[in-house]
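Notes to accompany the following structure.
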Amino acid sequence: MEDKVRYVARLARIKLTDGEVGLFSRQLDGILGYVDKLNRKLDIQGKAPPMSHPHEASNSFRADEVKPSLPPEKVLANAPQKKGDFFKVPRIIEE
Amino acid sequence: MAYEPVIGLEVHVQLKTVSKMFCGCTTEFGGAPNSHTCPVCLGFPGVLPVLNKRALTEAIRAALAVGCKVSGKVKFHRKNYFYPDLPKDYQISQYDEPLSEHGCLKIKTGGAEKTIRIKRVHMEEDAGKLIHEEGGGSSFVDFNRSGMPLLEIVSEPDINSPEEAYQYLTDLKLLLRYLDVSDCDMEKGSLRCDANISIRKKGEAGLGTKAEVKNMNSFKAVKSALEFEFERQVKCLEAGERIIQETRLWDPDKGLTASMRSKEEAHDYRYFPEPDLVPFALESGLIDAERKNLPELPEARKARFVGALGLPEYDAEVLIQDKGTADYFEECVKFYNKPKTVSNWLMGDVSGYLNAKNLSVRDSKLKPPGLAGLLKEVDSGKISGKMAKDIIIEMLDTGKDAGAIISEKGLAQISDSGELEKFAEEAIAENAKTAEDFLKGKDNALMFLVGQVMKKTKGKANPAAVNKILRDKLSK
Ligand SMILES: [Zn+2]
């Protein structure tokens, strides 16, 4: 489990201390163990489809209409770095 | 040992909506950087995406047109990865239950027809755009494209040559333009294509290790990149090396693909259902209604041009390649019912003129009734076909109708026999020897006399009429 926690933490770009890795591994083991128990005790095979959302589907669309966008100063208000109207980030492609 | 490439294409097209997929920002091309953005497409915390209904119906139309089975349920997933052009750190896409699956597209290369199966057609949102600083250590991000509605069309690995790939793209683009669901303009980024390619010995059925090739900015580039990649993989195997599964970027200047060297784990997207969008149950009848509303598609139109209008295959094929041209052609035929004549003029003088000026037939000043009017003047003998060639240029330039140009310039052909007889007599009198030659049996002497009459009338005489009058006069 510790390997999985470290892997997922790396995917999510989260830095964990060894202590945290241990803590989360124990907690996740507990949760997964409980789910596994349900899996073994309850026979739902073919009786209930996997649920991806807690309430019944109710379609919510919007019409294809243009609404005003944000003014540029608001768009960039929280940008740690900017250049003109652009967000500025560390260079992403190595040559 | 001969190898063959095994190619699958992933095509992304931008759907033709006025607003983005999950927010009301405009989809207009261009605009100052980040001026078409809002909290939703900038991925601010706490915002809710709401699906654009038009994006959904256009996606359904496209899926149906390539023969896909459209699911009655639409479910979105989050595809998680980190990249500066992706503000939420996930892209809303579809995963295990795509909008539609199992379609196909028929293509023709070198006279042979082939069916390319389409694995799936699904919806997703676009990311922003990165611009890399020249020589510096920074990149700049413009989120105007973030959240644009995209359709991803994934083919099965049924394509076995770069030519087939080119044809598949050409036909797919034509189809999407007929459906009017996308502009399919690669330059503006509304159509993009990635290719998966592996090789195998001819006759074998298995699949080799594939490379994903990206960064092609035209159909021609796709073809060139695939040609290069095929050669590269063949050389690789023949040298006893292994093909590595990787992403390679096409470099159009150097004419080669190079490994992008990305980290393996970047491919673990940890898809999970998008909790901000409840699954959509399509109302019954929506799919059937969209199916009924599909326009006539290119193949069917071509068959009709050949079958009902009697056009040669070649003409039909050329005319359907642009929906605007095909529509224009049909309108002309409504006013002038000789399809082949209309086709000749459209494919000849008219398209020659428009191509030179880089205009589409829709923007041209010559409208279908105008072209029909001109052709009727030719049929009536008022003007010759040769004159019509000059007149049509003026019509294309000015938008005037043929009748106006003919009378303005005094171009009407002289068919009036009284007038022509006078000129014919003059010509015979002035060229007595030639006239005698004709009577002695030299047939082409007559052509000289016709030429003389044409000269006297400054080319306005109807040659057929002159010919007849001269013959009559000389044989008396
Ligand atoms: Zn927006």
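The values are calculated or read from the model by the stated rules, or taken from the named source; none is laboratory data. None of the values given here were measured: they were computed from a predicted structure. Every residue, glycine among them, receives a Cβ derived from its backbone with ideal geometry; neighbour counts consider all protein chains shown. In case anyone asks, the SASA skips ligands and DNA or RNA and just uses the protein heavy atoms, side chains included. Shrake-Rupley method; radii C 1.70, N 1.55, O 1.52, S 1.80 Å.
Quick check: anything in the range A:13-20 out of contact with any strand residue (DSSP E or B) (no Cβ under 6 Å at 6 or more places or on another chain) and over 30 Å from A:V89 (Cβ atoms)? Yes.
Quick check: is even one residue across the range B:149-161 within 14 Å of another protein chain (Cβ to nearest Cβ) and either surrounded by fewer than 24 Cβ atoms within 10 Å (Cβ to Cβ) or not polar (S, T, N, Q) (or both)? Looking for residues that are within 14 Å of another protein chain (Cβ to nearest Cβ) and either surrounded by fewer than 24 Cβ atoms within 10 Å (Cβ to Cβ) or not polar (S, T, N, Q) (or both), one finds at least one in the range B:149-161, hence yes. Each residue in the range B:80-97 was checked for being in contact with a strand residue (DSSP E or B) (Cβ under 7 Å, 6 or more places away or on another chain) and within 26 Å of B:F143 (Cα to Cα), and 10 of them qualify. Within the range A:81-95, the set of residues being farther than 13 Å from B:G136 by Cβ and at pLDDT 90 or above comprises A:K82, A:G84, A:D85, A:F87. Scanning the range B:50-79 for residues that are under 20 Å from B:V141 (Cβ atoms) and within 16 Å of the ligand (Cβ to nearest atom) gives no hits. Which is closer than 15 Å to B:L150 by Cβ and among the basic types (K, R), of B:K88, B:K20? Of B:K88, B:K20, the one residue that is closer than 15 Å to B:L150 by Cβ and among the basic types (K, R) is B:K20. Here is the figure for the range B:296-311: residues that are over 21 Å from B:Q167 (Cα atoms), part of a loop (DSSP other than H, G, I, E, B) and open to solvent by 40 Å² or more (accessible area, probe 1.4 Å) total 3. I'd like the full set of residues that are at the interface with chain A (Cβ under 8 Å from one of its Cβ atoms) and out of contact with any strand residue (DSSP E or B) (no Cβ under 9 Å at 6 or more places or on another chain), limited to the range B:42-72. If the condition is that a residue be at the interface with chain A (Cβ under 8 Å from one of its Cβ atoms) and out of contact with any strand residue (DSSP E or B) (no Cβ under 9 Å at 6 or more places or on another chain), then B:L42 is the only one that fits. Please verify whether the range B:256-274 includes one or more residues that are more than 14 Å from chain A (Cβ to nearest Cβ) and either under 26 Å from B:A65 (Cβ atoms) or not hydroxyl-bearing (S, T, Y) (or both). The answer is yes; a qualifying residue exists.
Scan the range B:73-82 and tell me whether some residue there is within 14 Å of chain A (Cβ to nearest Cβ), among the basic types (K, R), farther than 30 Å from A:A77 by Cα and not in a loop (DSSP other than H, G, I, E, B).
There is at least one residue in the range B:73-82 that is within 14 Å of chain A (Cβ to nearest Cβ), among the basic types (K, R), farther than 30 Å from A:A77 by Cα and not in a loop (DSSP other than H, G, I, E, B).
A residue that is open to solvent by 70 Å² or more (accessible area, probe 1.4 Å), away from chain B (no Cβ under 14 Å) and modelled with pLDDT under 85 occurs nowhere in the range A:13-36. Every listed requirement among (1) under 27 Å from A:V75 (Cα atoms); (2) acidic (D, E); (3) within 23 Å of the chain's Cα centre (by Cα) is met by B:E163 save one, (1).
With respect to (1) within 15 Å of the ligand (Cβ to nearest atom); (2) more than 9 Å from chain A (Cβ to nearest Cβ); (3) open to solvent by 40 Å² or more (accessible area, probe 1.4 Å), the lone exception for B:L86 is condition (3). Just wondering, is there one or more residues in the range A:47-68 that are modelled with pLDDT of 90 or more and either under 30 Å from B:E134 (Cα atoms) or more than 7 Å from chain B (Cβ to nearest Cβ) (or both)? Among the residues of the range A:47-68, at least one is modelled with pLDDT of 90 or more and either under 30 Å from B:E134 (Cα atoms) or more than 7 Å from chain B (Cβ to nearest Cβ) (or both), which makes the answer yes.
Among the residues of the range B:114-148, just one is charged (D, E, K, R), at the interface with chain A (Cβ under 9 Å from one of its Cβ atoms) and touching an Asp or Glu at 6+ places or on another chain (Cβ under 9 Å), namely B:D142. Annotation note: of B:S218, B:S182, B:S139, B:S198, the sole residue that is open to solvent by 10 Å² or more (accessible area, probe 1.4 Å) and more than 16 Å from the ligand (Cβ to nearest atom) is B:S218.
Among strands (runs of 3 or more DSSP E) entirely within the range B:185-286, having at least 3 residues that are touching a residue at least 24 places away in the same chain (Cβ under 8 Å) singles out B:191-201, B:211-216, B:246-251.
Yes/no per residue for (1) assigned by TED's automatic domain parsing to the domain that holds B:L48; (2) surrounded by fewer than 15 Cβ atoms within 10 Å (Cβ to Cβ):
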{"position": "B:F230", "(1), (2)": "yes, no"}
{"position": "B:R270", "(1), (2)": "yes, yes"}
{"position": "B:P273", "(1), (2)": "yes, no"}
{"position": "B:F329", "(1), (2)": "no, no"}
{"position": "B:F335", "(1), (2)": "no, no"}
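The residue that is farthest from the other protein chains (Cβ to nearest Cβ), among those in the range B:1-41 that are out of contact with any Ser or Thr (no Cβ under 7 Å at 6 or more places or on another chain), within 13 Å of the ligand (Cβ to nearest atom) and open to solvent by less than 20 Å² (accessible area, probe 1.4 Å), is B:M21.
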